[in-house]
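Have a look at the structure below, then the notes.
The values are calculated or read from the model by the stated rules, or taken from the named source; none is laboratory data. Remember, predicted model here, so these are calculated numbers, not experimental data. Counting neighbours? That spans all protein chains shown, and the Cβs are built from the backbone with ideal geometry, glycine included.
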Amino acid sequence: MHSIIRTYSAGVFMGEIDETTRSADGKRAIVKDARRLWYWSGAASLSQLAMDGTTNPKQCKFPIAVPQVELMEIIEVIPITDGAKKSIDKVKVWEM
């Protein structure tokens with residue numbers, strides 16, 4: 001299941017938590033197919049982004065997904081709907 005994962009200092013990611021790698025306290029895990037959600041528009045909060053996706057994809061800044069990332073200090077995990085994932089996946093890769 002894909003989720004939006006917020007960390008203490010590394011930012012926000014969308015991906016699938018590999019539960020076999022999750023620490024006992026839940027604060028550390030490997031996230032597969034991880035896309036950093038650097039800046040979003042068209043959703044009032046991460047909760048809305050997880051439920052509805054974005055209504056303003058051209059203003060979002062989501063870099064390319066990586067096969068996996070190990071995240072530390074996970075502070076929030078929000079499961080996302082299929083519609084929200086499709087919406088986020090449609091956001092063009094942000095590049096400099």
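Observations
- Filtered by the rule that a residue be out of contact with any strand residue (DSSP E or B) (no Cβ under 8 Å at 6 or more places or on another chain) and not in a loop (DSSP other than H, G, I, E, B), the range 18-32 gives a lone residue, T20.
- Condition check for M72: of a type outside the set (D, E, K, R) and modelled with pLDDT under 95: no
Results for (1) in contact (Cβ under 8 Å) with a residue 24 or more places away in the chain; (2) surrounded by 14 or more Cβ atoms within 10 Å (Cβ to Cβ); (3) not in a strand (DSSP E or B), shown as yes or no for each residue.
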{"site": "S3", "(1), (2), (3)": "yes, yes, no"}
{"site": "E16", "(1), (2), (3)": "no, yes, no"}
{"site": "A34", "(1), (2), (3)": "yes, yes, no"}
{"site": "S47", "(1), (2), (3)": "yes, no, yes"}
{"site": "Q68", "(1), (2), (3)": "yes, yes, no"}
{"site": "V77", "(1), (2), (3)": "yes, yes, no"}
{"site": "I88", "(1), (2), (3)": "yes, yes, yes"}
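- The combined condition, being hydrophobic (A, V, I, L, M, F, W, C), crowded, with 17+ Cβ neighbours inside 10 Å and either within 24 Å of P57 (Cβ to Cβ) or in contact (Cβ under 8 Å) with a residue 60 or more places away in the chain (or both), is not fulfilled by I30.
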